[in-house]
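The block underneath contains the structure these notes are about, expressed in structure tokens.
The values are calculated or read from the model by the stated rules, or taken from the named source; none is laboratory data. Remember, it's a predicted structure, so these values are computed and weren't measured experimentally. Virtual Cβ from ideal backbone geometry, glycine too; neighbours counted across all protein chains shown. Surface areas here come from the heavy atoms of the whole protein model, side chains and all, with no ligands, DNA or RNA. Shrake-Rupley method; radii C 1.70, N 1.55, O 1.52, S 1.80 Å.
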Amino acid sequence: MDYILRKAIKTKENLNEIYMEVSGYDFRDSCVYIYEKKNAILRLMFATDERPVDGSFRIYTVFSIPGDERLFIIVLSLKEPDMTFPSITPYIPAAHWYEREIRDMFGLIPEGHPDPRRLVLHDSFPAGSYPLRKDWNVIERDMKEWGEGKAVKEPYKFMEVEGEGIYEIPVGPVHAGIIEPGHFRFSAVGETIIFLEPRLFYTHKGTEKHFEKIGFTEGVRLSERVSGTSSFSHSAAYCMAVERMTGLDITENAKAIRTLLLELERLYNHIGDIGNMCAGTGLAVGYARGAVIKEHLMQLNERLTGSRYLRGINIIGGVRKDVFIHRDDLISTIDAVTKEYKEMMKLLLDTISHVERLENTGKLSNEIARKLGVTGVAARASGINDDMRKAHPHLLYGRLDFEPHSMSRGDVFARMMIRAEETECSISIVNSLLENSYKGGLVAEMKEIPPYSSAFGYTESPRGSMFYWVMSDENGEPLRVKLRAPSYCNWPAVPFAVHGNIVPDFPLCNKSFNLSYSGCDM
Amino acid sequence: MKEIFEAIVTPGSIDFILKIVIIFLKIVVVVAVGLLHVAFATYFERKVIAAMQVRLGPREVGPLGLFQPFADGIKLFFKEDIIPANADKPIFYLAPVIFFVAALTSLSVLPYFDGFVVADINVGLLFIFAMSSLGAYGIVMSGWASDSKYAFLGGLRSASQIISYEIAMGLSLVGVMIMAGSLNLSEIVRAQSQYPTGMYAIPQFLGFFVFIVAAFAETNRLPFDLPEAESELVAGYFTEYSGFRFAMFFLGEYTGMLIMSSIATLCFLGGWTLPKFVMDLLPFLSQLPPFVWVFVFLAKVYAFMFFYYWVRSTFPRYRYDQLMAIGWKILIPLALANIVFTGVVKSWFKGLL
């Protein structure tokens, strides 16, 4: 660390966050140093428009080093008129989407980025218009231009594979099932996929911009609605970020409730996902069983909180309801679910033709997973033992006794088994949480939000690591809210996993990652 | 006028006309009753699978949802018939007809009870093979004519699958032919009823096994429903079809299942007969009129249909290469071994078979 600290112009510490501002010359060096020498994981990278503060744009690159609870943030300030920064993608491929998004949303140009195409913005979005800048106004200028039919400024160019016998199969963005929009373009020889290019962001909603408008308190409700099946992880991470920013310490009781509900969310997701994989192989009985258990768990959620998706329970400073008054219901439902779940796993693992389809399908190598910054179940199935609950203990996770599992094989089977092991781990966490009682009320007393302060909130959602970063303006209102859901990290890995597989195995590979479109198209 | 009338209406010609009328009547009965069975096979399937998945299945239309098939039929009939702009129209129109007609034609050679068969021909079994192969043309043509990649891929997969599995299916039935000494389906049933076990499924267990697997593949059912694997290729060869043209594929598929179940019943399960020892035990059974035996036949057919549904809700779908490997590397060698074994036993131990 001394290497970067020596170069740093300015440093700042806030809880476990270490901000190190470096000059434009040292930015790339510092990032590459921490990534290669310290084996760090790129957690996220984002830009802010801090011109109201000190007249500059800033780029934050967040790393975490295995075995270290701190977050290392390398910051670069950009002052007009120089709107370029050195791209780190050639050295850290995981940054490729972040940098393209920064270019789209802020107009800061990553110099040396290999992909000049737009990522987030629609083809017909006016060029030179950067939505996340503070002075951007949608009504006056851009809507008029859209209306005048100046569409398709930059038609998106798909990568083309040339050669004898190669044909393209376009799938989506409208799909046969009830899923969100995403376009997949396969280049195949016979049945074998040579190349797959997914195109996402069809439903980019401007969530981050919206967060800035509605204020921190309303933001909880918005964060819950970013992605349905990880509503609670989103709101927990968001609340954590705001609480850390204001220096609010939530009670032990609230921490326990959040931990418990995070695990319940993981449970219904993982079991549902294992069932969904059966839909990928056409094993109807496995799919139906997964759906039944998931339904039991979601009904439990409703009894505990009033919402099947655990919405409306998190507020800044704590939680709205005490779920520990339902202790008996929790214990009996979890026991029943455990029994049913074990039966289901036995059935799945005994169905040889199912297991045969999972093994060696959709392999994601450790090397590619590391380079692309894959997170969550997919990362652990490819041998990266990274779990936010262990890497950066928060809530009550520091006290709980559990070990994240990882497997090195990286195929669909490994992703199923990791989910299975984590399901059992979650069940034991829930049971051990229920054994104790916790001190304190539900909500801590609110404090005033200090101006120009910022903090991270994070958690391990069912799909992987999730980050929020919030910054307040002079009035204590949001200046910038950055969110990074796990699907954003994992989507670029899907094409690598399906490479060399046959086209009919794509749905299976895709289901084994189970990525969210709305967790990506923010 | 009178002379012409007398010249035509001779006792011989009246006989002939009567025969034709009877055949027409039989056709009407078989097609009407057959299609009704097909309609309720869909209801049966939905109920069985619903029960296996702890659901209720259709229950809104009519008592216990019994009119659901009619509701489905009416819906399909009144749906808009969409034809893709670049479709090869004549072939596009013809494909479902070929598929459906090929399936229905097979019904003509099936004996439902002793003496009731539309066409009692001596090559009944071969005729059914021929018709099920013709069905593949309907599939390939629909895939080609739709001018859609999904349909085209589905059609190609289906064609290769049907061609591969036809061999195994044909070979699996050779053992039965050797034992019965005939290709006429009624003869096969009669030969079976004389056999001690009353069913060829017991001595021909290998052939029966190969036949079951091949029959699933031949009718594109799970676990071999790759041509129309819904999550993967939208719907397969009939992606672009809608309304009644789609219904024809749908009906053809279920008719195919019904026919495969009937073949299994006739060739391996003793058709409309009960095993000899049962008949000896309950002698009053032989006093029953012949048409009653159609219920025995139907009971066996529906038992086999139930097996179809059971498998559908139990097994995962096979991958394309696995499917081909099973067909060529396992089923065909097994069927060949069965033929050799049956032949050897038949010629060496004349009394045994």
Which ranges mark the helices (runs of 4 or more DSSP H) fully within the stretch B:1-95 that have 3 or more residues being under 25 Å from B:A119 (Cβ atoms)?
B:11-52
Given (1) surrounded by 19 or more Cβ atoms within 10 Å (Cβ to Cβ); (2) away from chain A (no Cβ under 14 Å); (3) not charged (D, E, K, R), index of the condition B:P316 fails:
(2)
Mind listing just one residue for me: the one in the stretch A:160-170 that is in a strand (DSSP E or B) and either in contact with a Gly (Cβ under 6 Å, 6 or more places away or on another chain) or open to solvent by 40 Å² or more (accessible area, probe 1.4 Å) (or both) and, of those, farthest from the other protein chains (Cβ to nearest Cβ)?
A:I166
Could you grab me the full set of residues in the stretch A:385-403 that are within 16 Å of the chain's Cα centre (by Cα) and in a loop (DSSP other than H, G, I, E, B)?
A:D386, A:D387, A:H392
Could we say that A:G306 is open to solvent by 10 Å² or more (accessible area, probe 1.4 Å), away from chain B (no Cβ under 14 Å) and among the small types (G, A, S) here?
yes
Any chance you could count how many residues in the stretch B:319-330 are open to solvent by less than 50 Å² (accessible area, probe 1.4 Å) and more than 14 Å from chain A (Cβ to nearest Cβ)?
1
Go through the stretch A:330-344 and give me each residue that's open to solvent by 30 Å² or more (accessible area, probe 1.4 Å) and of a type outside the set (D, E).
A:I331, A:S332, A:A336, A:K339, A:K342
If we only count helices (runs of 4 or more DSSP H) wholly inside the stretch A:1-57, which ones have 1 or more residues that are within 11 Å of A:V75 (Cα to Cα), open to solvent by less than 50 Å² (accessible area, probe 1.4 Å) and of a type in the set (D, E)?
A:24-36
In the stretch B:268-298, the residues that are open to solvent by 60 Å² or more (accessible area, probe 1.4 Å) and either modelled with pLDDT of 85 or more or part of a helix (DSSP H, G or I) (or both):
B:K276, B:F277, B:D280, B:L281, B:P283, B:F284, B:S286, B:Q287, B:P290, B:F291, B:F295
Give the stretch B:302-334 a look and list any residue that's basic (K, R) and within 23 Å of A:F506 (Cβ to Cβ), or say none.
B:R312, B:R317, B:R319
Answer with yes or no whether B:S261 is open to solvent by 10 Å² or more (accessible area, probe 1.4 Å), of a type in the set (S, T, Y) and either touching a Ser or Thr at 6+ places or on another chain (Cβ under 7 Å) or not assigned by TED's automatic domain parsing to the domain that holds B:F44 (or both).
no
Among residues of the stretch A:350-368 being open to solvent by 20 Å² or more (accessible area, probe 1.4 Å) and not in a helix (DSSP H, G or I), the residue farthest from the other protein chains (Cβ to nearest Cβ) is A:S365
Please go through the stretch A:94-116 and give me each residue that is within 22 Å of A:K79 (Cβ to Cβ), charged (D, E, K, R) and touching a Lys or Arg at 6+ places or on another chain (Cβ under 9 Å), ordered by number.
A:R103, A:D104
Can you name the condition, by its number, that B:V301 falls short on among (1) open to solvent by less than 50 Å² (accessible area, probe 1.4 Å); (2) within 14 Å of another protein chain (Cβ to nearest Cβ); (3) of a type in the set (V, I, T)?
(2)
Considering each residue of the stretch A:369-384, count those that are touching a strand residue (DSSP E or B) at 6+ places or on another chain (Cβ under 9 Å), aliphatic (A, V, I, L, M) and outside any loop (DSSP other than H, G, I, E, B), and give that number.
3
Per the filter on the stretch B:277-310, residues touching a residue at least 40 places away in the same chain (Cβ under 8 Å) and touching a helix residue (DSSP H, G or I) at 6+ places or on another chain (Cβ under 7 Å) are B:F297, B:V301, B:F304, B:M305, B:F306, B:Y308, B:Y309
Residues of the stretch A:179-213 classified as more than 27 Å from A:S124 (Cβ to Cβ) and open to solvent by 30 Å² or more (accessible area, probe 1.4 Å), total:
5
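Conditions tested, residue by residue: (1) open to solvent by 10 Å² or more (accessible area, probe 1.4 Å); (2) within 14 Å of chain A (Cβ to nearest Cβ).
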site	(1), (2)
B:G155	no, no
B:S160	yes, yes
B:Y165	no, no
B:M169	no, no
B:S172	no, no
B:A180	yes, no
B:L185	no, no
B:A201	yes, no
B:I212	yes, no
Are any residues in the stretch A:160-202 of a type in the set (A, V, I, L, M) and more than 18 Å from A:I502 (Cα to Cα), and if so, which ones?
A:V174, A:A176, A:I178, A:I179, A:L200
For the stretch A:61-99, enumerate the residues that are charged (D, E, K, R) and either open to solvent by 10 Å² or more (accessible area, probe 1.4 Å) or part of a strand (DSSP E or B) (or both).
A:D68, A:E69, A:R70, A:K79, A:E80, A:D82
Can you tell me how many residues in the stretch B:121-160 are closer than 20 Å to B:F92 by Cα, modelled with pLDDT of 85 or more and part of a loop (DSSP other than H, G, I, E, B)?
2
Scan the stretch B:238-260 residue by residue and report those that are polar (S, T, N, Q) and not in a helix (DSSP H, G or I).
B:T239, B:S242
Within the stretch A:118-132, is there a residue that is assigned to a helix (DSSP H, G or I) and either at pLDDT below 85 or not β-branched (V, I, T) (or both)?
no
Of the numbered conditions (1) within 14 Å of another protein chain (Cβ to nearest Cβ); (2) without any contact (Cβ under 8 Å) to a residue 60 or more places away in the chain, A:E218 satisfies every one except a single condition; which is it?
(1)
